[in-house]
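Notes to accompany the following structure.
Just so it is clear, none of the values below were taken in a lab; they were calculated from the coordinates. This is a predicted model, so every value here is computed, not measured. For neighbour counting, all protein chains shown are included, and Cβ atoms are generated from backbone atoms with ideal geometry for every residue, glycine included.
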Amino acid sequence: MRTASVTRNTLETQITVTLNLDGTGRSHFDTGVPFLDHMMDQIARHGLIDLDIVAKGDLHIDAHHTVEDIGITLGQAFAKAIGDKKGIRRYGHAYVPLDEALSRVVIDLSGRPGLVYNVEYTRASIGQFDVDLFSEFFHGFVNHSMVTLHIDNLRGVNSHHQAETIFKAFGRALRMACEVDERMGGATPSTKGTLTA
């Protein structure tokens, strides 16, 4: 089982992420940021990743540190759980619609961090959640999971739908990339023979 648990403690946040990449989509969240919990649930359910996140942050200021640091800690836990990456597919992609919205996410478990994020939300906030924080979450994730990630919202009018298609597609792309490919025979899917930087 590819599992990991990581705790990150700073003066701004205290976060623990526990995940199982070979799970069933079971999840539990206690972050103090309800809309982020909703998005994390999309990753778990569509990625078939068992995911527990407990966070205490300086929400009296705003949600920035909490959201960014959850992305960082999730990235660290993912890197630990995926291990040496031998025999995996490495690449994953997904298109996901929700009513009028459509997003595409493509991921490469390359060992090189990179984010291309093309999203123009139709509103600045979803309820009390500042949509700018999604970019901070994904930057935190890629920089600590060492993956290359392309996120494109292709269309959408409702910002909730835009966000949900992104996170569903992210979960599905992650699931595809992490899958073991029996034809690989346990080999590393790289002509370099390694998937580290």
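Karplus-derived 3J(HN,Hα) values for region 4-13, using 6.51 cos²θ - 1.76 cosθ + 1.60 with θ = phi - 60°, are 7, 9, 10, 10, 10, 10, 10, 6, 9, 8 Hz; glycine and proline are entered as x. Ratio of Rg to Rh for region 3-184: 0.95 [Cα atoms; Kirkwood radius as inverse mean 1/r over pairs].
Note on the chain: dipole from Cβ charges, positive end direction compared against PHE137, VAL6, GLY127; the farthest Cα belongs to VAL6.
When the Cα positions of GLY87, PHE170, LEU74 are compared along the charge dipole of the chain, GLY87 comes out farthest toward the positive end, with charges on each C-beta of Lys, Arg, Asp and Glu.
Percent antiparallel among DSSP beta bridges with both residues in region 3-184, to the nearest 5?
Details: 33 of 42 bridges.
Close to 80 percent.
Around the Cα centre of the chain, unit charges on the Cβ atoms of Lys, Arg, Asp and Glu (plus for the first two, minus for the last two) sum to a dipole of about 920 debye. Rounded to the nearest whole Hz, the Karplus-based 3J(HN,Hα) values (6.51 cos²θ - 1.76 cosθ + 1.60, θ = phi - 60°) of region 60-73 follow the sequence 5, 8, 5, 8, 4, 4, 5, 5, 4, 6, 5, x, 4, 5, with x at glycine and proline. Helical runs (DSSP H, four residues minimum) scored at -39500 (n - 2.57) apiece and divided by the length of the chain put the mean residue ellipticity at 222 nm at -11500 deg cm²/dmol. Between MET1 and ASN143, the C-beta separation translates, for a Förster distance of 25 Å, into a calculated FRET efficiency of about 0.45.
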